[in-house]
1. Please tell me if Glu32 is assigned to a helix (DSSP H, G or I) and farther than 18 Å from Arg166 by Cα.
2. Checking Thr88 against (1) under 22 Å from Leu36 (Cα atoms); (2) touching a strand residue (DSSP E or B) at 6+ places or on another chain (Cβ under 8 Å); (3) surrounded by 19 or more Cβ atoms within 10 Å (Cβ to Cβ): exactly one of these is not met. Which one?
3. Out of the range 22-42, which residues are more than 12 Å from Arg9 (Cβ to Cβ) and either touching a Ser or Thr at 6+ places or on another chain (Cβ under 6 Å) or in contact (Cβ under 8 Å) with a residue 24 or more places away in the chain (or both)?
4. Do we have Leu71 as touching a residue at least 12 places away in the same chain (Cβ under 8 Å) and either crowded, with 19+ Cβ neighbours inside 10 Å or within 12 Å of Leu116 (Cβ to Cβ) (or both) here?
5. Which residues, counting only those in the range 144-157, are closer than 20 Å to Ala70 by Cβ, buried (at least 21 other Cβ atoms within 10 Å of the Cβ) and small (Gly, Ala, Ser)?
6. Filter the range 145-170 down to residues that are of a type in the set (D, E, K, R) and not in a strand (DSSP E or B) and give me whichever is farthest from Ile19 (Cα to Cα).
7. How many residues does the range 67-100 hold that are in a strand (DSSP E or B) and closer than 28 Å to Leu20 by Cβ?
8. Can you tell me which residue is nearest to Phe147 (Cα to Cα) among those in the range 1-37 that are crowded, with 17+ Cβ neighbours inside 10 Å and among the β-branched types (Val, Ile, Thr)?
Amino acid sequence: MNHLKALIREVPDFPKPGILFYDITTLLKDAEGLHLLIDELGAAYAGKGIDKVVGIEARGFIFAPAVAYALNAGFVPVRKPKKLPAVTERVEYQLEYGTDALEIHRDAVDAGENVLIVDDVLATGGTARAVTQLVEKLGGKVAGLGFVIELDFLKGREKLSGYDIRAMLHY
């Protein structure tokens, strides 16, 4: 999968000085690269009885539906507060400077369902950890977390101890 790194644009000093941003839009526009990425993410969880694939707003929405399709599973969005129209469950979590929150429809996951959580990047792990809490609050079983990129130096995996974590690319 490392050859896919050549399809990811590195943008220095975005969104602020000192940050190197990994822009996945250049991977997305490459049909072969996108196809390979979705196939590999899906293959990592094939045969694991995945019932639902949860995508985290916003870039998780790009990958999660395609992976859900590949696994013959349903897709569930997790969104920022007040974006979902029906009754929701909510979790607040810590950011570097402050807090944030995410919501899921209360009826999105049934008790006992196997859920795969998909997002573009695993950085510090706070957002992904919050989503595991939402899924488990609804009675779902987190079968795994799949990411396009993992920023290893931020040690986000440590917040997700005990979960099956797969990242296609590592920086």
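1. yes
2. Thr88 satisfies all of (1) under 22 Å from Leu36 (Cα atoms); (2) touching a strand residue (DSSP E or B) at 6+ places or on another chain (Cβ under 8 Å); (3) surrounded by 19 or more Cβ atoms within 10 Å (Cβ to Cβ) except (1).
3. Residues satisfying the conditions are Gly33, Leu36, Leu37, Ile38, Asp39, Glu40, Leu41, Gly42.
4. When the stated conditions are applied, Leu71 passes them.
5. Passing the criteria: only Gly146.
6. Across the range 145-170, the extreme among qualifying residues is Asp164.
7. Number satisfying all stated conditions: 8.
8. Ile24
Just so you know, all these numbers are worked out from the coordinates, no wet-lab data involved. Just so we're clear, the structure is a prediction, and the values are computed from it rather than from any experiment. Cβ coordinates were reconstructed from backbone atoms using ideal geometry, including for glycine residues, and neighbour counts include every protein chain displayed.
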